[in-house]
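Student: Can you read through this structure? Questions will come right after.
Derivation of every value follows stated rules applied to the coordinates shown; laboratory data play no part. Everything numeric here is computed off the predicted structure, so don't read it as measured data. For neighbour counting, all protein chains shown are included, and Cβ atoms are generated from backbone atoms with ideal geometry for every residue, glycine included.
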Amino acid sequence: MLGDNAGFGLGLPDISDEGSVSAGSIMLCAAAGNAPLTVTGVDFAANEGIDVQDYRLRPNPFDSPGASTSASPETLGARKGTLDDAAFTGGREVTSTCGESSMELGLQLARAGVALAQASDLRVHYLEDDGAQGILLVRMSVKVCAPEVAATDCEA
């Protein structure tokens, strides 16, 4: 499975209330000859208080003919709410081959019990059709702060 290996931070809307959720996404595709793949889990290599509540896949809405590259209701980006709120009803199978199309992996995250929650290096666990297992490491970071945390401490 391939992802954009460039490091980045996921800018999430305010989820400062403990238990509130926010959704964000990244794009994935399978290397030629490896599709389909099944995503079996999503976690962070380093995690201090970010709860991955759910994850789902769907075809990349920008891959459809005539798709706009500007934000629209068909794109997840990052927003407060659940994956259901974002009409994100996809499953767990990556069927897109790189160079042809991609899949959008939606993440539903919550701050879990700490004032300054942060996580980095997303790991996407997957299973190939032949039973081989793998992990895609996506260099990214997420930081979510409670209202009492100084803004300078919460900068990415």
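Student: What's the extension gain from Asp85 to Asp121 if we count 0.36 nm per residue and subtract their Cα-Cα distance?
Tutor: Net length gain for the segment: 10.4 nm.
Student: Could you compute the net charge surrounding Asp121? Neighbours are other residues with a C-beta less than 10 Å from the C-beta of Asp121; K and R count +1, D and E count -1.
Tutor: In short, +1.
Student: Now, a different point. Provide the gained length on full extension for the span Val114 to Gln133, in nm with one decimal, where the gain is 0.36 nm per separating residue minus the Cα-Cα distance.
Tutor: 3.6 nm
Student: What list of ³J(HN,Hα) couplings, whole Hz, do you get for the range 108-122 from phi and the Karplus terms 6.51, -1.76, 1.60, once you set θ to phi - 60° and write x for glycine and proline?
Tutor: 3J(HN,Hα) across the range 108-122, in whole Hz: 10, 10, 9, 7, 10, x, 10, 6, 10, 9, 8, 8, 8, 6, 5.
Student: Quick check: residue separation of Asp54 and Ala150 times 0.36 nm, minus the Cα distance between them. What number comes out in nm?
Tutor: 31.7 nm
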